[in-house]
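The next block holds one structure in the form of structure tokens; read it before the comments.
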Amino acid sequence: MKRKIILASHHKLATGLADTLNFISNNAADVTDLAAYMDNIPVDQQVEKLMGTISDDTEVIVLTDMLAGSVNQQFFKYRERPHTHIISGMNLPLALAIALEPADKEITSERMEELVKQAKEAIVYVNEMTVEADDDDE
């Protein structure tokens, strides 16, 4: 089964994330970005056109920028499509983890929950971190 990762956002967030993901992962996955509201094409038409190009036997992972946003709302109707996962609140750790998942087997819902949990744990208020001194640091 093929796997396609779709990064979708308002404006250029998805485009930048896709570029960074491809750079860090050395193009490890089939990544497509959808940058909504960059032209006069309605986002619902952009989503329908994109999803219409994907075969039924392709696993699709959609990462969107905001849960209540219009971009996520347009992908919402695809949540019952077989082999499809839709996650809002995309970030680089999540996108990278998904891109590096073994491509020879489908990602289960349970595994996707684990990946989302790990991505949430990567969001840290750094000011509250304590640093332990290491004897090797100078």
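Structure notes:
- Segment 60-77, residues that are among the charged types (D, E, K, R) and over 10 Å from Ala36 (Cβ atoms): Lys77
- Within segment 87-111, the set of residues being over 14 Å from the mean Cα position of the chain (by Cα) and not in a loop (DSSP other than H, G, I, E, B) comprises Ser109, Glu110, Arg111.
- Contacts under 9 angstrom Cβ, first residue in segment 9-33 being on the phi < 0 side of the Ramachandran plot and free of Cβ contacts under 8 Å to residues at least 60 places away in the same chain, partner surrounded by 18 or more Cβ atoms within 10 Å (Cβ to Cβ) and of a type in the set (Lys, Arg), 6 or more apart: Asp30/Arg3; Asp30/Lys4; Thr32/Lys4
Here's the yes/no breakdown for (1) of a type in the set (A, V, I, L, M); (2) under 21 Å from Val31 (Cα atoms); (3) surrounded by 10 or more Cβ atoms within 10 Å (Cβ to Cβ):
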residue	(1), (2), (3)
Val71	yes, yes, yes
Phe76	no, yes, yes
Arg81	no, yes, yes
Leu94	yes, yes, yes
Ala99	yes, yes, yes
Glu110	no, no, no
Val116	yes, yes, yes
Glu121	no, no, no
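- Subset of segment 38-65 (residues that are in contact with a helix residue (DSSP H, G or I) (Cβ under 7 Å, 6 or more places away or on another chain) and under 23 Å from Leu100 (Cα atoms)): Ile61, Val62, Leu63, Thr64, Asp65
- Among the residues of this structure, Tyr125 counts as one that is without any contact (Cβ under 8 Å) to a residue 24 or more places away in the chain, over 24 Å from Asp19 (Cβ atoms) and of a type in the set (Phe, Trp, Tyr).
- Selection over segment 38-67 of residues that are part of a helix (DSSP H, G or I) and surrounded by 13 or more Cβ atoms within 10 Å (Cβ to Cβ) gives a count of 7.
- Total residues in segment 1-37, condition part of a helix (DSSP H, G or I) and either of a type in the set (A, V, I, L, M, F, W, C) or farther than 21 Å from Leu96 by Cβ (or both): 7
- The combined condition, being among the aliphatic types (A, V, I, L, M), touching a residue at least 60 places away in the same chain (Cβ under 8 Å) and more than 22 Å from Ala122 (Cβ to Cβ), is fulfilled by Ala103.
Values in this text are rule-based calculations from the coordinates and carry no lab data. Just so it is clear, the structure is predicted and the values come from calculations on it, not from any experiment. Glycine also receives a Cβ, built like all others from the backbone with ideal geometry; neighbour counts cover every protein chain displayed.
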